[in-house]
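Structure, as structure tokens:
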Amino acid sequence: MSRLVPATEMLKKALEGKYAIAQFNINNLEWTKAILTECQALNAAVILGVSEGAGKYMCGFNTVAAMVENMMETLNITVPVALHLDHGSYEGCLKCIEAGFSSIMFDGSHLPFEENIAKTRELVQLAHEKGISIEAEVGSIGGEEDGVVGMGECADPEECKKIADLGVDFLAAGIGNIHGVYPANWPGLSFETLAKVKEKIGDLPLVLHGGTGIPADQIKKAISLGVSKINVNTECQLAFAKATREYIEAGKDREGKGFDPRKLLKPGTDAIMETVKEKAEIFGFEGSAAK
């Protein structure tokens, strides 16, 4: 029996409790271990996001699902954990459903809207037959992720309602947010768009992609307006790279006998654990496993 759970229930609780569950994207075993360990210490539910590129890097979705399942058993992880495909293609969603993921995101935002509707409708049925949660997207998220480029457009509230009515479990609606590092001239989130979308979709949890670099006050306002899931990836990447670089530049990798990659990776994974802790404070998800 799988230890993984769909994200639906944890996001419903987050919406009711006015906090947000974090999705931390994983890129290797070390990142996964760090995130699971810290979330267990925080007694916090968590979503592990996997892009199609990261899945390929880690030798396929079957490998990723098996790694997470076995790691949860070995580390005695008892908090709710969802394994979620991030920005998935139609084909990627099908593969993750078969691989044992507990949640998927179909990103049809770059498709003609009617095609987005048709494919989302089909995937909702397939996912729900397997007890898997599904996220959809309206309005392209800015920046670039796995070759998908968006300019940070704002979603059409009417289109959001049409996608929501298909039965998706949570919705990513573009409100000016972007992937990667935010430029100095970024105008901020469009709370006007967020409020209009929320008015149309009711109690459906909303997702904020590109959580890195958004000021804490804007994050908290977004949560108050119905955002229940916030994605974090770039911040973990930056923290990992900075800590690892500093460790190497200090010459610590040359201490002792030979070279130990476990010592080289530890500063970076420690930095990721600190990032999880920081986000728990801002998003309010500490203790969410008990709520």
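Laboratory data are not the source of any read-out in this text; all were calculated from the coordinates shown. Remember, predicted model here, so these are calculated numbers, not experimental data. Cβ placement follows ideal geometry from the backbone for every residue including glycine, while neighbour counts extend to all protein chains displayed.
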Review point. Which of the residues belonging to segment 171-191 are buried (at least 23 other Cβ atoms within 10 Å of the Cβ) and of a type in the set (S, T, N, Q)?
Key: ASN177
Exercise for review: Would you check which residues across segment 192-219 are surrounded by fewer than 17 Cβ atoms within 10 Å (Cβ to Cβ) and either touching a strand residue (DSSP E or B) at 6+ places or on another chain (Cβ under 6 Å) or in contact (Cβ under 8 Å) with a residue 40 or more places away in the chain (or both) and list them?
Suggested key: GLU199, ASP203, ALA216
Practice item. Specify which of the listed residues (GLY210, GLY251, GLY202) is in contact with a Gly (Cβ under 7 Å, 6 or more places away or on another chain) and not acidic (Asp, Glu). Key: GLY210
Revision key, fill the gap. Taking segment 1-32 and keeping only residues that are surrounded by 22 or more Cβ atoms within 10 Å (Cβ to Cβ) and among the aliphatic types (A, V, I, L, M), one is left with ALA7, MET10, LEU11, ALA14, ALA20, ILE21, ALA22, ILE26
Check your understanding: Does ALA34 qualify as being touching a Ser or Thr at 6+ places or on another chain (Cβ under 6 Å) and either in contact (Cβ under 8 Å) with a residue 24 or more places away in the chain or farther than 17 Å from MET58 by Cα (or both)?
Key -> yes
Check your understanding: Scanning segment 20-39 for residues that are of a type in the set (Gly, Ala, Ser) and touching a Phe, Trp or Tyr at 6+ places or on another chain (Cβ under 8 Å), which turns out farthest from GLU235 (Cα to Cα)?
Key -> ALA20
Point to revise | Matching residues, segment 116-125, being surrounded by 16 or more Cβ atoms within 10 Å (Cβ to Cβ) and without any contact (Cβ under 8 Å) to a residue 40 or more places away in the chain | key: LYS119, LEU123
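Quick one: which of ILE47, ILE35 is buried (at least 16 other Cβ atoms within 10 Å of the Cβ) and not in a helix (DSSP H, G or I)?
Going through ILE47, ILE35 in turn, just one is buried (at least 16 other Cβ atoms within 10 Å of the Cβ) and not in a helix (DSSP H, G or I): ILE47.
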Check your understanding: Within segment 158-185, how many residues turn out to be in contact (Cβ under 8 Å) with a residue 24 or more places away in the chain and over 21 Å from the mean Cα position of the chain (by Cα)?
Key -> 5
